[in-house]
1. Relative contact order of chain A, please, whole-number percent, based on alpha carbon pairs below 8 angstrom and at least 6 residues apart.
2. How large is the charge dipole for segment A:222-371, taken about the Cα centre, if only the Cβ atoms of Lys, Arg (+1) and Asp, Glu (-1) carry charge, to the nearest 20 debye?
3. Take peptides A:359-371, A:228-240, A:378-390 and line them up by average Cβ neighbours within 10 Å, highest first, as a rough protection proxy.
4. Before rounding to the nearest 500, sum -39500 (n - 2.57) across all DSSP H runs of length at least 4 in the protein assembly as shown and divide by the residue total; then give [θ] at 222 nm in deg cm²/dmol.
5. Given the pairs A:128/A:153; A:128/A:461; A:90/B:123; A:181/A:325, which span a C-alpha to C-alpha distance of over 25 angstrom in this model?
6. Which order, highest average first, do A:499-511, A:538-550 follow once you tally other Cβ atoms within 10 Å for each residue and take the mean per peptide?
7. Where nothing but the Cβ of Lys and Arg (+1) and of Asp and Glu (-1) is charged, how large is the charge dipole of the protein assembly as shown around its Cα centre, in debye to the nearest 20?
8. How big is segment A:479-604 along each principal axis, measuring the range of its Cα positions in Å and listing the largest first?
Amino acid sequence: MDHRLLPTYVLVASCLTLSACGSSGEFSGDLVGTQRTVEVTARKFEYKPSVITVKEGETVVIKLASEDVTHGFYLDGYGEQTTIPPGDIKLVGFTANKTGRFAFRCSETCGHFHPYMIGHLRVLPNRKYYAGVSLVVLLGIGSLAYGRRRREKHRTHLFGVIPLDWRFELTKYRPIRALFKSRWFPLVFILLNFFVFVVILVAGFAGGFSAGNVNFGVMVVWILWWVLLMTIFVPVVGRFWCMACPFPLVGDWLQRGTLGSGGRQKSWGLNKKWPKRFRNLWPVTACFLLSTLFVGFFTVQPFATFVLLALIVIGAIVISLIYEKRTFCLYLCPVSGFQGLYSNFAACEVRVKDPDICKTHTPKTCYLGNEHGYGCPWMELPFDMNRNTYCGLCMECFKTCPHDNMAFNVRPFGTDLLAERRRTDELQNRRGLDEAFKSLTMIGILFAFFLTMQGPYGWLKDMVMAASLGGYGLFLGGYLLLNLGLIPVLFLVVSYLSKKASGNREVPLKKIFVDFSYCLVPLGVARWAAFSLGILLPNGSYLPRVFSDPFSRGWDLFGTAGYQWTPFLTGALPYLQLSLLFVGLAFSLEYGYRFANRIFTTEREATRGWIPMLLFIIALGVFFVWLFEG
Amino acid sequence: MRRQTALNPSLVVLIAMAAVLATIGCSASASQPATVELLARAPEKGNWSPQTIEVEQGQKVTLVIRNVDAVTHGFYLPGLDLTAGEIKAGDVKEITFTPQVAGEYGFYCSVWCSDFHMHMRGKLIVR
């Protein structure tokens with residue numbers, strides 16, 4: 001294969017993809033002059049037709065009728081809104097002077113899936129989408145051209161600009177170090193969260209089968225907490241949530257006999273060790289995948305949220321009595337897996353300041369604990385830690401280190417992805433197939449979540465919420481096949497092509513598969529953040545209401561109970577989502593090329609082996625641009 | 001040196017209980033003798049609850065209608081010309097009245113709420 005022609009191949013392949021995805025299809029309704037009239041009926045939880053296609057500049061009239069209960073209609077970007085009581089026909093008219101894809105949403109609570117009752121208005125030509133796809137392709141090809149002209153500086157600098165070993169130690173400021181060393185930190189936040197979660201559990205139980213969007217439990221957990229987790233906590237701080245999570249509080253107390261003081265206390269539990277072969281992300285990946293099967297229930301029904309959270313709380317307590325320390329958090333908590341993997345991308349870390357001090361310091365108080373604090377509850381070896389995956393930011397090592405040798409650093413995004421294995425790694429299986437699988441399953445989970453919650457397909461919503469058992473079974477089968485079969489196999493094929501293209505016969509396929517899977521992490525973090533914005537911006541305005549009336553008793557604690565549903569910045573949503581995707585893609589490409597250089601022995605092999613993976617990532621980027629805006 | 005921060009574990013339990021008690025307490029104080037709580041749900045999900053309300057003639061009654069369903073309902077009692085209008089999911093509406101004439105009065109949901117909307121009816125008995 002001629003090297004100079006490679007970018008051309010890439011370009012041709014991408015153009016084919018572009019034209020395939022961007023096919024305009026038929027326009028909706030009847031056109032008289034420049035006025036297009038479209039009849040739309042609403043029913044639980046879809047509009048028919050669910051996708052309306054019009055041309056830029058046309059005057060659009062949408063005739064709305066409801067088949068069952070009172071529905072609503074709110075059009076992102078244009079701001080048109082109306083309610084549709086059954087038996088009425090409502091008209092919405094506007095001039096289609098903004099191009100792109102706009103969601104229209106139900107604005108009257110009409111059932112459990114109401115917040116996710118969505119249709120799409122496509123005003124063609126969809127320039128945002130074409131621009132997005134072109135940018136993804138240009139970014140991909142550009143990175144290749146740029147990668148081949150790398151100078152020495154690019155080896156040590158991210159994008160040739162940010163030094164990979166740049167660190168800014170926050171704990172060099174005395175008040176911050178004093179805070180981290182205090183027994184009350186982060187305990188105060190855990191207690192505060194504990195109170196909030198008691199309210200959530202009560203609200204979930206009391207709310208029963210009422211609407212989720214007016215329920216404190218559902219709103220705070222799935223709109224506020226989940227979105228904060230995906231957009232800020234994990235991408236910026238890492239396992240920030242684990243630091244303040246209230247679920248292990250009771251377990252900690254049972255194990256330690258106290259909450260406040262440090263030191264080794266007698267445990268009430270059996271203190272068993274977790275089986276060695278499960279000391280990885282496999283169990284948490286399975287737990288997460290298992291819980292996502294019920295996404296159609298717990299994200300919309302208060303009682304289902306209660307059941308899920310209660311199971312987690314009970315699980316945490318029971319496991320803490322059987323196994324040692326934070327075994328539950330490490331190996332069983334459903335949200336632990338992606339937090340662990342994606343926190344490698346975070347811009348914060350807890351690390352040793354000076355490794356030489358640790359070399360001579362015995363015993364290792366950070367692992368064993370002393371009178372000032374507990375040995376690492378996350379069973380990390382703080383003195384030898386080089387990745388965020390299993391660091392719960394509990395700050396015990398700051399308390400137990402007599403030399404003040406622990407540091408909380410701000411760093412460039414994603415440097416952990418490059419971390420090599422270390423001497424003590426046999427204690428926990430670090431980089432491996434488990435993390436690769438976690439990374440890959442998060443693609444299919446996002447795809448299903450997006451189509452269910454932000455897609456226009458009523459039949460899919462019916463399947464996910466188990467309107468019929470057969471439909472639900474079909475969803476389960478398809479979903480598991482996609483996540484456990486199709487995507488991993490596709491990635492395996494790409495890895496195999498990468499091996500073939502590189503010309504290197506020695507390097508094991510597993511190494512290529514595992515190492516390259518880490519370049520999906522930045523794009524993964526970005527697309528989850530983009531997805532979360534699409535949940536928060538339209539639905540965030542239900543929050544003021546539930547804060548004032550958490551149990552739907554007609555209270556008005558903060559005077560915000562009457563706050564009406566108002567979508568926030570949904571017109572800017574496509575730009576925000578696309579920007580996030582581009583940033584994620586840039587990081588993925590930047591790290592991916594570095595992985596190629598590590599997997600293969602020569603620069604030439606690396607460049608050739610990188611091509612199939614680059615194409616895969618470009619295709620993935622185009623796919624997500626299509627999913628979000630196409 | 002051993003630092004004993006005096007944090008009793010039972011504090012946690014206390015916080016939990018306080019939250020639960022606050023909920024129960026607040027809801028208990030809201031109910032008075034002449035107050036009737038009426039839950040609104042579509043017929044297939046439980047219908048009006050209670051479906052029969054008994055009140056005394058000449059006594060002031062406050063009906064607290066809570067929509068605990070996921071769709072919009074309405075309340076209409078034509079015999080006494082009482083209406084609470086639309087009650088959206090999760091909303092609570094109150095109407096106060098003093099029935100003067102004994103008898104049985106039907107009340108209905110006034111918003112099309114399900115395929116069985118026409119069955120969403122109840123009875124107010126004034127003795």
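1. On the way: 1151 pairs, mean separation 96.6, N = 630.
Once normalised by length, the contact order is 15 percent.
2. On the way: 15 positive and 6 negative charges, 113 e Å.
Once rounded to the nearest 20, the dipole reads 540 debye.
3. Numbers: A:359-371: 15.5, A:228-240: 20.9, A:378-390: 22.8.
Taking the mean over residues of other Cβ atoms within 10 Å, the ranking is A:378-390, A:228-240, A:359-371.
4. Values: 25 runs with 313 residues, N = 757.
Dividing the helical sum by the residues of the protein assembly as shown leaves -13000 deg cm²/dmol.
5. Values: A:128/A:153 35 Å; A:128/A:461 27 Å; A:90/B:123 34 Å; A:181/A:325 20 Å.
Listed pairs above 25 Å: A:128/A:153; A:128/A:461; A:90/B:123.
6. Details: A:499-511: 14.5, A:538-550: 21.2.
Taking the mean over residues of other Cβ atoms within 10 Å, the ranking is A:538-550, A:499-511.
7. Details: 74 positive and 52 negative charges, 679 e Å.
Dipole about the Cα centre, nearest 20: 3260 debye.
8. Result for segment A:479-604: principal-axis Cα extents of 70, 30, 20 Å.
No value in this document is a laboratory result; all are computed from the given coordinates. Not measured: the values here are computed from a predicted model. Every residue, glycine as well, gets a Cβ built from its backbone with ideal geometry; the counts of neighbours run over all protein chains shown.
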